[in-house]
């Protein structure tokens with residue numbers, strides 16, 4: 001089994017079957033605790049009735065409201081290939097805000113469409129968000145096939161509408177799969193009811209997707225702080241991508257000079273040769289001192305610039321105006337900033353472009369902007385190395401926007 005989990009988001013119009021699908025995935029992969037299954041079966045009507053898997057989401061929501069810690073089985077499921085993390089997407093605005101500001105990172109998406117309703121407004125909205133965030137590993141699940149007696153003709157009709165809606169926002173789905181989440185058809189196992197469909201099941205589709213592979217990319221190590229430990233300067237931070245090796249030569253950006261790693265330190269560990277993606281470590285270098293905000297790299301050179309183009313989600317309760325003094329913060333870097341140009345402004349409800357070369361950004365709106373910084377910073381595109389392509393804008397010490405570099 002792969003060591004790294006794949007983060008997925010499941011989106012769809014209200015009542016198109018998201019809750020049922022999540023419950024079915026947990027149950028079919030053996031990731032639903034037995035006691036929870038018994039609770040859900042009882043809530044569904046006991047031994048004689050069918051199990052309503054949507055109750056799984058109801059239980060999770062109730063536990064969240066009561067402040068109860070969610071069991072691992074509720075948020076993870078696994079196949080023979082890897083573990084999966086389901087990112088909650090309670091609504092399009094919340095999902096977009098969470099993705100941009102850094103509390104979640106989806107690498108793939110499942111988009112549900114009810115066969116009896118087809119592509120709806122919220123479906124189009126979710127398509128736009130997937131395109132906006134650059135999520136290109138998408139499987140569309142045409143749900144409730146049991147309601148139309150597993151009709152291939154009905155599936156083909158909706159499939160055409162889906163392809164049209166997604167192509168309009170630059171998303172090309174890897175798969176469009178007919179399923180019945182409530183019956184389990186084509187979720188974990190192939191269904192004889194859908195013998196005419198030769199594509200993968202939902203789990204097969206997910207297993208075909210690849211992770212962002214941060215561990216295989218070039219090193220990115222933003223310097224968080226420097227501690228003096230018994231006369232030795234220890235540089236601390238988190239390896240955002242790639243790996244760091246003792247004795248290796250690295251580049252220090254934004255200056256571009258080189259340094260050599262003399263020592264790697266981890267909590268309660270000695271004689272460390274290597275640090276991997278995701279690890280929080282301390283390092284000692286042979287050549288000169290470092291400061292917070294610098295970034296250690298190797299291999300592919302990051303972008304070093306005082307100007308960036310980004311999609312921002314305006315979180316402040318009042319509109320943006322040119323006189324606002326802003327501070328840009330990305331990883332451990334920060335710089336005074338100003339929005340020089342608003343290239344596009346998106347309606348917060350439809351995520352459709354409502355104005356080009358705009359003069360304002362209203363609360364909860366998304367905008368494509370050009371930002372000028374007072375000094376050069378080190379960044380990567382969000383789709384390449386997410387943590388190096390994400391930032392927040394602050395005004396008077398309060399966050400007013402989150403953004404992703406495009």
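What follows draws every value from the coordinates through simple rules; no lab data is involved. Quick caveat, the model's predicted, so the values are computed rather than measured. Counting neighbours? That spans all protein chains shown, and the Cβs are built from the backbone with ideal geometry, glycine included.
Calculated FRET efficiency, residue 14 and residue 394, Cβ-Cβ r, R0 41 Å, to nearest 0.05?
Details: r = 34 Å, r/R0 = 0.84.
Calculated value: 0.75.
D by Stokes-Einstein for segment 137-250, Kirkwood Rh over Cα pairs, 25 °C, 0.890 mPa s: 136 µm²/s. Per-residue extension of 0.36 nm, minus the Cα-Cα distance of residue 82 and residue 248, leaves a gain of 56.6 nm for this segment.
Fewest first, what order do 144, 266 take by the number of other Cβ atoms within 10 Å?
Details: 144 24, 266 12.
Lowest count first: 266, 144.
Taking every DSSP beta bridge that has both ends in the chain, the antiparallel portion is near 80%. Which parts of segment 106-121 would a label at residue 210 reach, counting a residue when its backbone N lies under 17 Å from a point 7 Å out along Cα-to-Cβ? Taking a point 7 Å out along Cα→Cβ of residue 210, the residues of segment 106-121 whose backbone N falls under 17 Å are 107-109. Kindly state, to the nearest 0.05, the FRET efficiency for residue 341 paired with residue 198, given R0 = 45 Å and r defined as their beta-carbon distance. It comes to 0.40. The listed peptides 168-177, 297-306, 108-117, ordered by packing as a protection proxy, come out as 108-117, 168-177, 297-306 (highest mean of other Cβ atoms within 10 Å first). The slack between residue 319 and residue 362, meaning 0.36 nm per residue of separation minus the straight C-alpha distance, is 15.0 nm. Protection proxy ranking of 18-26, 227-235, by the mean of other Cβ atoms within 10 Å over each peptide's residues and highest first, is 18-26, 227-235. Each stretch of four or more DSSP H residues adds -39500 (n - 2.57); spread over every residue of the chain, this sum gives -6000 deg cm²/dmol at 222 nm. Measuring r between the beta carbons of residue 355 and residue 375 and using R0 = 35 Å, the FRET efficiency lands at 0.70. Take every pair of alpha-carbon atoms less than 8 Å apart whose residues are at least six positions apart; their mean separation over the length of segment 79-235 yields a relative contact order of 19 percent.
Figure legend: label point modelled 7 angstrom from the Cα of residue 174 along Cα→Cβ; residues of segment 128-164 with amide N under 19 Å from it are 128-143, 163.
Note the full-extension length gain between residue 224 and residue 94 as 0.36 nm times their separation in residues minus their Cα-Cα distance, in nm to one decimal.
On the way: separation 130, 0.36 × 130 = 46.80 nm, distance 2.85 nm.
Extra length from residue 224 to residue 94 when fully extended: 43.9 nm.
Arranged from highest to lowest average of other beta-carbon atoms within 10 Å per residue, in what order do the peptides 315-325, 132-142, 118-128 appear?
Numbers: 315-325: 12.9, 132-142: 22.3, 118-128: 20.4.
So the order, starting with the most tightly packed, is 132-142, 118-128, 315-325.
Return a whole-number percent for the relative contact order of the chain, with Cα pairs under 8 Å and 6 or more residues apart as the contact set. Answer for the chain is 13 percent. Kindly list the residues of segment 146-162 that lie in the label zone of residue 116, defined by a backbone N under 12 Å from the point 7 Å along the Cα-to-C-beta vector. Of the residues in segment 146-162, 146-149 have backbone N under 12 Å from the label point off residue 116.
Evaluated at q = 0.24, 0.26 Å⁻¹, a Debye calculation over the C-alpha positions of segment 215-297 (equal weights, vacuum) places log10 I(q)/I(0) at -1.26, -1.52. Our summary of shape: the Cα atoms of the chain have principal axis extents of 72, 55, 42 Å, ordered from largest down, in whole angstrom.
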